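Student: Quick one: the structure is below, and I'll ask about it shortly.
The values are calculated or read from the model by the stated rules, or taken from the named source; none is laboratory data. These numbers come from a predicted model, not from an experiment. As a convention, Cβ positions derive from the backbone with ideal geometry for all residues, glycine included, and neighbour counts pool all protein chains shown.
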Amino acid sequence: MGSLQGQNVVVVGGSRGVGRSIAEAALDEGATVLAVSRGTASLVQFANDWPGVKTLAADATKESAPDAVFAALEPDVLVISAGAFAPAAPVQELSWEEFSVNWETDVRASFLFCGAALRRPLKPGARIVLISSGAAFSGGPPFCGGYPGAKRMQMFLSGHCQKESDRLGLGLRFMDLVPMRLMPDTGVGKGGVDGYAAYAGIKPADVIAGMTATQTPADVGKAVVALATGKSQVNSFMVSENGLAPVA
């Protein structure tokens, strides 16, 4: 324990689900943690459960969000876990606004914060971790709109930003982490289960019963701590029931 002692960790989208698990893992390792979220109620609940956590209500998709967040706590480790629920309808039934919701939320937040990290810049040695999804590899089911493409773009973005940090000599580490399996105990996971059940005409319980072993939100939190404290020069990683591994 204490591997992040003296480190500032900012988790954007950190008040619930995977983001909260990441924030909790960092707190367990002695970090000063700022959880950022649009939802004030979930932030209040988090602060009640963990009196040591700092919170900030902010919309990560606003141009002003990075400056406000960095003013509240300058991160040694910045995690972007914010994201929208994927739509749950066949592509032909979606409007463009519905199809692109994950581009306008997940990708936009990642784009704004990564760009700000490079422009500011954050201090040398700062680590930036973007939370992607296994749908970036599988393409996801046909009812999830632009979600798979958005999660793949986050992976591309971390690579592009690492090249810019290297070119400019900033000493920043950009990484992406891909949880490979659906996690039905998160909001995004429950949405995926419910969407698949509706699409296939079965019950959500049947979808869950047919799932094989999966990683948990706590596993993702541990994986982020490992990335934040590790020395690997790989930029893309996956976490599954088999643990953390580089993306081949």
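Student: When you look at residue 70, is it crowded, with 16+ Cβ neighbours inside 10 Å, in contact with a strand residue (DSSP E or B) (Cβ under 7 Å, 6 or more places away or on another chain) and not small (Gly, Ala, Ser), yes or no?
Tutor: no
Student: What pairs come up if the first residue lies in the range 227-248 and is part of a loop (DSSP other than H, G, I, E, B), the second is among the small types (Gly, Ala, Ser), and their beta carbons are under 7 Å apart, counting only those six or more places apart or on different chains?
Tutor: These pairs meet every condition: 235/158; 235/159; 241/213; 247/236.
Student: If only one of 159, 145, 171, 140 is in a loop (DSSP other than H, G, I, E, B) and modelled with pLDDT of 95 or more, which one is it?
Tutor: None of the other options fit; the residue is 171.
Student: Pick out the one residue from 221, 230 that is within 17 Å of residue 16 (Cα to Cα) and under 20 Å from the mean Cα position of the chain (by Cα).
Tutor: 221
Student: Right, next: Looking at 174, 156 in this structure, which one is crowded, with 20+ Cβ neighbours inside 10 Å and of a type in the set (A, V, I, L, M, F, W, C)?
Tutor: 174
Student: Do the conditions hold for residue 71, that is, is it more than 17 Å from residue 150 (Cβ to Cβ), of a type in the set (Gly, Ala, Ser), within 17 Å of the chain's Cα centre (by Cα) and modelled with pLDDT of 95 or more?
Tutor: Working: more than 17 Å from residue 150 (Cβ to Cβ): yes; of a type in the set (Gly, Ala, Ser): yes; within 17 Å of the chain's Cα centre (by Cα): no; modelled with pLDDT of 95 or more: yes.
So residue 71 does not fit the description; no.
Student: Select from the range 190-220 the residues that are among the small types (Gly, Ala, Ser) and surrounded by 20 or more Cβ atoms within 10 Å (Cβ to Cβ) and list them in ascending order. Don't jump to the end; show me each part of the working.
Tutor: So in the range 190-220, the residues among the small types (Gly, Ala, Ser) come out as 191-192, 195, 197-198, 200-201, 205, 209-210, 213, 218.
Scanning the range 190-220 gives 192, 195.
Student: What residue, among those in the range 128-137 that are within 20 Å of residue 84 (Cβ to Cβ) and outside any helix (DSSP H, G or I), is farthest from the chain's Cα centre (by Cα)?
Tutor: If we take residues in the range 128-137 being within 20 Å of residue 84 (Cβ to Cβ) and outside any helix (DSSP H, G or I), then 134 is farthest from the chain's Cα centre (by Cα).
Student: Can you say whether residue 125 is in a loop (DSSP other than H, G, I, E, B), of a type outside the set (A, V, I, L, M) and surrounded by fewer than 21 Cβ atoms within 10 Å (Cβ to Cβ), as far as the supplied structure shows?
Tutor: yes
Student: So, in the range 175-215, exactly how many residues are outside any helix (DSSP H, G or I), of a type outside the set (A, V, I, L, M) and modelled with pLDDT under 95?
Tutor: 10
Student: Which is in contact (Cβ under 8 Å) with a residue 40 or more places away in the chain, surrounded by 23 or more Cβ atoms within 10 Å (Cβ to Cβ) and among the small types (Gly, Ala, Ser), of 145, 134?
Tutor: From the options 145, 134, the qualifying one is 145.
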